[in-house]
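**Q** This is the structure I want to talk about, given as C-alpha cells.
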Amino acid sequence: MINKELSYLKASTPELKVRGITGTNLGGGFISGKEFNYQLTGRNWVEEAEEMLRTDPIIKRSWSVLKQTLLSAKFVFKAGVAGDPTSEELARFANECFGFDGYAGMMEINFESQLRYILEFLTIGWRYAEECYYIANDQNGRSKVWLKYYADREPIVHQRWLSKDYQNLDGVVQNMVNVQPDVIPSNKLALWTLDQTGSNFEGVGLLRPCWYYWQLKQRTANLLQIATNRWAVPTPKVIVDRSVAEQNGYSDAELSAMIDDASAQAQAYIAQEQGFLVENSVVKFDSYGENNFNPDGAIKVIQECDNQMASAFLSQFMNLGISDTGSRSVGEIHLSVFRRSCINYLDLVCSVISGQDRRAGGTIGRLIKWNYGEIESSKLPKLTHMGLDNDALVDAMAQLPSLVQAGLLTPDNNLERSIRQKIGAGDLPIEKSIQTREDGNQNG
C-alpha cells in the first residue's frame, strides 16, 4: 500500500494534482475551529474590537502610534526589471494611476486617505476593499482603465466567505437591509489579512491578545469606581450613649426620636442635601471605615493590563519614564523592533496591491492586463515603501569622529553632503567645500 502511495516519486515529471487540504474548517461561508470563544467570532468580534478601540485609552494610544507611524511612509512603484523599456513604462503607468513619484494621480481619493482604512485590518485581523474602476484618457490622450478607488467595506457588514473548493476564496457576501446581497467576486477584491494560515481569511488581529486584559481592566476599573464612591466620602456612623440618656432621664421615645433625627441627618449628608451634622450628649457622629481605602492593588492590576495591551502593539516603549525602567538603550531597542514590525506590516499592504491578477490581490496586475495585455510577471511593477527603514548614516553619526580619527572613514565631499542633507543645513559649493577641507588637513 505504501509503495503504491509513493509511486509518484518515480515519475520523471512533477505531479500537478493537489492532494492535501488547508486544514481550515470553512463551511457555509463561516470559519470555525480557529476561535473557540464564540463571543469573539464574526460580527460579535468586530463589535467587541470596535468597543475596545473606543473605550480604552491605552489601546487607542497604541493603535494611534502604530497607525500614524505607518501612515508616515512614502510609496512608489518600481520597475520589475530595471532598465527594461516595457517594465519602466508599466511602473510609470502605475505611479500615474496611484499618484506616486510626482504624479497627481488618477484616483478620486488619494492613496494616503485610503490607507487610513486599509490599515484597520491590523486591529481585527482582516479587511477587504472593493476595487472600483473607470475609463479615461491618460496624459497622452490614450483611453485607459483606471482604479477609481478602493471602496472600503467595513467588516461589520460582512456576512460570509464564498469558496467552491472550501480552500480558495471565490468572493464575499455582505449583509444588506431590504436588498438582495450581491456577490463581490474575489478578482474585484483586495483582501488584507494579518497572520493568515490555511484558508483562515480572518487571521488574528492585534486586538485579540488584548481582549482578556481589556476585560480584566474593565472589571477592575468598575470595582475601583465602586470602592471610590463608597470610601472616598466617609460614611457617617451614629453612636448612641445610652448611659448618658439614663442619667439625664430621657425616655425611650425621646431616645428613639434622637436616633431617627441623627439618621435623617446622616442620609441628608450622604445625599449632599446637608453640609453639616448636629449632635448632642447622647447621640454623636463618627465615620465608618476611615483610612481603609487603599487603591494601590487595583491600580497595579490596571497598570499591568496596560503594559500587556501595549506589548501587543509593540508600543511598550511609550511607558518608559513612567515605569521602573527608564533606560534610553532599552527604549532604542524597543523602538528598533517596533520600526521593523512597521516595515513588515507595510510589506504586507504592498504585496496585496502588487503582483499579477489573482484572487483578492494583484490590483496592478489587473490594470496592466486590461491596458497593456498579457505581460510577464517579472516585468510587473512592484509597490515599495520608504521612510521607515533604518538609516545607516544616522545610526553611525555618533561614531563618525572616532571612525575618522582611526582612519576607517574619509571625510570627503559626499559624506559632507549626506550629513548636511540629514540635518537640513543645505549643501556647500564644491569649491568651498574642497578648499575648507584642504586647509583643515594642512593645519592638522
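The values are calculated or read from the model by the stated rules, or taken from the named source; none is laboratory data. Source: prediction; values computed, not measured. Here Cβ is always computed from backbone atoms with ideal geometry, including for glycine, and neighbour counts include all displayed protein chains.
**Q** When you scan region 344-354, do you find a residue that is assigned to a loop (DSSP other than H, G, I, E, B) and modelled with pLDDT of 90 or more, even just one?
**A** Yes, region 344-354 has at least one match.
**Q** Would you mention how many residues in region 50-88 are in a helix (DSSP H, G or I) and loosely packed, with under 15 Cβ neighbours inside 10 Å?
**A** 10
**Q** Related question: Could you list, in sequence order, the residues of region 369-395 that are of a type in the set (Lys, Arg) and either closer than 17 Å to Leu194 by Cα or free of Cβ contacts under 8 Å to residues at least 60 places away in the same chain (or both)?
**A** Lys369
**Q** Can you tell me which residue is modelled with the highest pLDDT among those in region 14-72 that are of a type in the set (D, E, K, R) and closer than 22 Å to Ser199 by Cα?
**A** Result: Arg43.
**Q** Here's another thing I want to ask about it. Under the condition of being in contact with a Phe, Trp or Tyr (Cβ under 7 Å, 6 or more places away or on another chain) and over 22 Å from Ile270 (Cα atoms), which residue from region 283-316 is modelled with the lowest pLDDT?
**A** Ser315
**Q** Looking only at residues that are charged (D, E, K, R) and surrounded by fewer than 23 Cβ atoms within 10 Å (Cβ to Cβ) in region 121-137, which one is nearest to the chain's Cα centre (by Cα)?
**A** Per the criteria, the residue is Glu130.
**Q** Give me the pairs: first residue in region 341-368 and more than 16 Å from Leu122 (Cβ to Cβ), second residue surrounded by fewer than 17 Cβ atoms within 10 Å (Cβ to Cβ) and of a type in the set (Gly, Ala, Ser), beta-carbon distance under 6 Å, and six or more apart or on different chains, which are they?
**A** As it stands, the answer is Gln356/Ser377, since those pairs meet every condition given.
**Q** Taking the stated definitions as given, is Gln265 modelled with pLDDT of 85 or more, more than 50 Å from the chain's Cα centre (by Cα) and either surrounded by 11 or more Cβ atoms within 10 Å (Cβ to Cβ) or aromatic (Phe, Trp, Tyr) (or both)?
**A** When the stated conditions are applied, Gln265 passes them.
**Q** Would you pick out the residues in region 180-229 that are of a type in the set (Gly, Ala, Ser) and either in a loop (DSSP other than H, G, I, E, B) or in the same structural domain as Glu120 (by TED's automatic domain parsing) (or both)?
**A** Ser186, Ala190, Gly198, Ser199, Gly203, Gly205
**Q** Could you run through region 225-253 and say how many residues are within 30 Å of Ile302 (Cα to Cα), surrounded by fewer than 11 Cβ atoms within 10 Å (Cβ to Cβ) and at pLDDT 85 or above?
**A** Residues in region 225-253 being within 30 Å of Ile302 (Cα to Cα), surrounded by fewer than 11 Cβ atoms within 10 Å (Cβ to Cβ) and at pLDDT 85 or above: 1 in total.
**Q** Checking Ala190 against (1) modelled with pLDDT under 95; (2) in contact with a Phe, Trp or Tyr (Cβ under 9 Å, 6 or more places away or on another chain), which test does it fail?
**A** (1)
**Q** Please verify whether region 250-272 includes one or more residues that are charged (D, E, K, R), over 28 Å from Leu223 (Cα atoms) and in contact with a strand residue (DSSP E or B) (Cβ under 6 Å, 6 or more places away or on another chain).
**A** No: zero hits.
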